[in-house]
Amino acid sequence: MLFGALEAGGTKMVLAVGNENGEILEQISIPTETPSVTVSKIVDYFKDKNIVALGIGSFGPIDLDRISKTYGFITSTPKLAWRNYDIVGNIKNELQIPIGFDTDVNASALGEATWGSIKGLSSGIYITIGTGVGVGVYMNGELLHGMLHPEAGHILLSKHPKDNFEGVCPYHPNCLEGLASGPSIEKRWNQKAYELKDQTEVWEMEAFYIAQGIVNYILTLAPHKIVLGGGVMHQEQLFPSIRKQVTELMNGYVNTPQMEDLDNYIVPASLQDNQGIMGCIQLAKLELNKN
Ligand code: ADP
Ligand code: ZN
């Protein structure tokens, strides 16, 4: 059985066809232009692929409340052309198949829960540190939604004592995304993030912010696993530093076996950067089973 997968990002869309085992059989990437241009390319790509359902992991915020009039819409995004756009409805009108829909980071959490590091566990979170910071939450065997989906990239943090940078988030002077996303590193240090590899102060400060985020997620969600992905996490030296600072910030308060074994608790994404697109396949499968 074939499933379609669409990772809808602010700059590019990744389109793939895969099977029920999460194997990607073909994949393309197209730039994100206006909804009418991009969605017709998406429909053209999928229409003769014999897929039985499509899963979309989307940038947001998005409406995931199935009884809402705007379910399936991208809502208050700063990308103006996509604001209040019915992405699920418009694609469904053309393809006439079930469409699973969630945030890009929830899709990645689902990919890790189905085929990766969260597999076999009842909970886990996926944190991306990339152009933005986002957190997907898998809890009690399901993706977590409430009034909205989690927007945990924007949690507020204490500033590092040596950090005079004002952050890049237009909404918050001291949120995780504003202080630790790829663009924030590049603006603070005035250099491309990958060129800063040998500068220990850069990664010590970066780990300080990511560790604060993780401590807050442990305290509020108590996940069984924490998976870190996104472009910035390709700096592998961050992992030991994050684990050390999590231990220091937690200060012994949470005492589970996982906290004694952070090498296996705070881990890199395990699916070769395919966790998002594979999660979209699983979203499609789950939606098909609901129908
Ligand atoms: P997106 O978040 O847009 O899906 P990525 O997760 O690839 O994309 O994140 C892109 C960001 O990650 C860029 O802003 C860049 O600053 C940062 N980045 C990409 N590659 C690296 C790297 N090797 N080292 C550090 N930072 C990186
Ligand atoms: Zn913010």
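The values are calculated or read from the model by the stated rules, or taken from the named source; none is laboratory data. Remember, it's a predicted structure, so these values are computed and weren't measured experimentally. We place every Cβ from the backbone using ideal geometry, glycine too, and count neighbours over all the protein chains shown. Note: accessible area is taken over every heavy atom of the protein model, side chains too, but ligands, DNA and RNA are not part of it. Shrake-Rupley method; radii C 1.70, N 1.55, O 1.52, S 1.80 Å.
Only residues that are open to solvent by 10 Å² or more (accessible area, probe 1.4 Å), touching a residue at least 60 places away in the same chain (Cβ under 8 Å) and not in a strand (DSSP E or B): list them for segment 114-131, please. Scanning segment 114-131 gives Thr114, Trp115, Gly116, Ser117, Leu121, Ser122, Gly130, Thr131.
Residues in segment 247-261: is at least one in a helix (DSSP H, G or I), modelled with pLDDT of 95 or more and either small (Gly, Ala, Ser) or crowded, with 19+ Cβ neighbours inside 10 Å (or both)? The answer is no, given that none of the residues of segment 247-261 is in a helix (DSSP H, G or I), modelled with pLDDT of 95 or more and either small (Gly, Ala, Ser) or crowded, with 19+ Cβ neighbours inside 10 Å (or both). Apart from one condition, Val267 fits all of (1) touching a helix residue (DSSP H, G or I) at 6+ places or on another chain (Cβ under 6 Å); (2) surrounded by 18 or more Cβ atoms within 10 Å (Cβ to Cβ); the exception is (1).
In segment 153-165, which residues are in a loop (DSSP other than H, G, I, E, B) and touching a residue at least 12 places away in the same chain (Cβ under 8 Å)? Passing the criteria: Ile155, Leu157, Ser158, Lys159, His160, Lys162, Asp163, Phe165. Considered as a group, the residues in segment 91-140 that are aliphatic (A, V, I, L, M) and within 16 Å of ligand 2 (Cβ to nearest atom) include one that is nearest to Ser36 (Cα to Cα), and that residue is Val105.
Yes or no: Ile99 within 16 Å of ligand 1 (Cβ to nearest atom) and more than 28 Å from Ala193 (Cβ to Cβ)? So Ile99 fails the test. Of all residues in segment 39-88, those satisfying the criterion of being within 17 Å of Ala5 (Cβ to Cβ), in contact with a Gly (Cβ under 6 Å, 6 or more places away or on another chain) and not aliphatic (A, V, I, L, M) are Phe46, Gly55, Gly57, Phe59, Gly72. Restricted to segment 220-236, and to residues there that are in contact with a Gly (Cβ under 6 Å, 6 or more places away or on another chain) and part of a helix (DSSP H, G or I), the residue that is nearest to ligand 1 (Cβ to nearest atom) is Gly231.
Taking the criterion of being open to solvent by 20 Å² or more (accessible area, probe 1.4 Å), within 19 Å of Leu271 (Cα to Cα) and within 17 Å of the chain's Cα centre (by Cα), the residues of segment 204-231 that qualify are Lys225, Gly231.
Inside segment 73-106, residues that are under 17 Å from the mean Cα position of the chain (by Cα) and at pLDDT 95 or above make up a count of 8.
Taking segment 134-152 as the range and being outside any loop (DSSP other than H, G, I, E, B), open to solvent by 10 Å² or more (accessible area, probe 1.4 Å) and aliphatic (A, V, I, L, M) as the test, the residues that pass are Met139, Leu143, Ala152. Scanning segment 245-283 for residues that are over 22 Å from Ser181 (Cβ atoms) and charged (D, E, K, R) yields Glu248, Glu260, Asp261, Asp263.
Does Asp273 meet the test of being assigned to a helix (DSSP H, G or I), surrounded by fewer than 18 Cβ atoms within 10 Å (Cβ to Cβ) and not aliphatic (A, V, I, L, M)? Taking the combined requirement at face value, the residue does not satisfy it.
Selection of segment 153-194 for residues being charged (D, E, K, R) and either surrounded by 19 or more Cβ atoms within 10 Å (Cβ to Cβ) or over 13 Å from Tyr209 (Cα atoms) (or both) yields Glu166, Glu177, Glu186, Lys187, Arg188, Lys192. All of (1) among the small types (Gly, Ala, Ser); (2) within 14 Å of ligand 1 (Cβ to nearest atom); (3) assigned by TED's automatic domain parsing to the domain that holds Ile218 hold for Gly167 with one exception: (2).
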